[in-house]
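In what follows, a single structure is set out as structure tokens and then discussed.
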Amino acid sequence: MRSAPVRHISLVVGILAAASLFVGGSGCSKEPAPPQAVVKRQAPKPEAKAPPPPVMEAQAKKVERVALYDPRGKRDPFVSFIRVEERRKAGIDTAALPPLQRYDLGELKFVGVIWTKKGARGLVEDAEGKGYSVTVGTRIGRSGGVVSRITGKEILVREEFVGNRGEKIVRESGIQLTTAGGK
């Protein structure tokens, strides 16, 4: 014979099986349940808000603050901070410039000096092999440089331009004498 707990468990399992058969068998009918009727109601109308009292409008106007922008002393954010040469802005063609102003200082070679009663004259050669003579005050180079001094070994050129913050920058460059050996 079986023990008492096993009998109780088998009895409970049997009752549950019978109940599921009864419920499952009675729930199957061929007619579907009729749909529930839909009740139509009108949505409530929104309540109209009363206009605020005039005192509130006056206080609201007082609270509004107007922000003012003063551009004086500030850089224009829509202008490039890398300045383009003034000649390019003005639209001057490089073909209209004198020959010495068409070349960078690095493209010119200092080949000799002529000493005269009026002072020294430097002999400069461009990349094409054409020669030019320069004196103190002659404009030379694309950056608008001016010859400031001519010595036996170099020509000093002073270039002035405006930096990206608007400050004036002066740079002094030299063109070294080219000897027979190329140095």
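Structure above, values below:
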item	result
Whichever residue in the stretch 122-181 is outside any strand (DSSP E or B) and of a type in the set (Ser, Thr, Tyr) and, among such residues, is modelled with the lowest pLDDT	179
Restricting the stretch 1-59 to residues that are surrounded by 10 or more Cβ atoms within 10 Å (Cβ to Cβ) and of a type in the set (D, E, K, R), the residue that is modelled with the lowest pLDDT	57
Of all residues in the stretch 159-183 being under 40 Å from the mean Cα position of the chain (by Cα), charged (D, E, K, R) and loosely packed, with under 15 Cβ neighbours inside 10 Å, the one that is farthest from residue 113 (Cα to Cα)	165
Residues of the stretch 139-156 satisfying the condition of being buried (at least 16 other Cβ atoms within 10 Å of the Cβ) and touching a helix residue (DSSP H, G or I) at 6+ places or on another chain (Cβ under 7 Å)	140, 141, 142, 145
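The values are calculated or read from the model by the stated rules, or taken from the named source; none is laboratory data. Predicted, not measured: the structure shown is a model, and the values here were computed from it. Every residue, glycine as well, gets a Cβ built from its backbone with ideal geometry; the counts of neighbours run over all protein chains shown.
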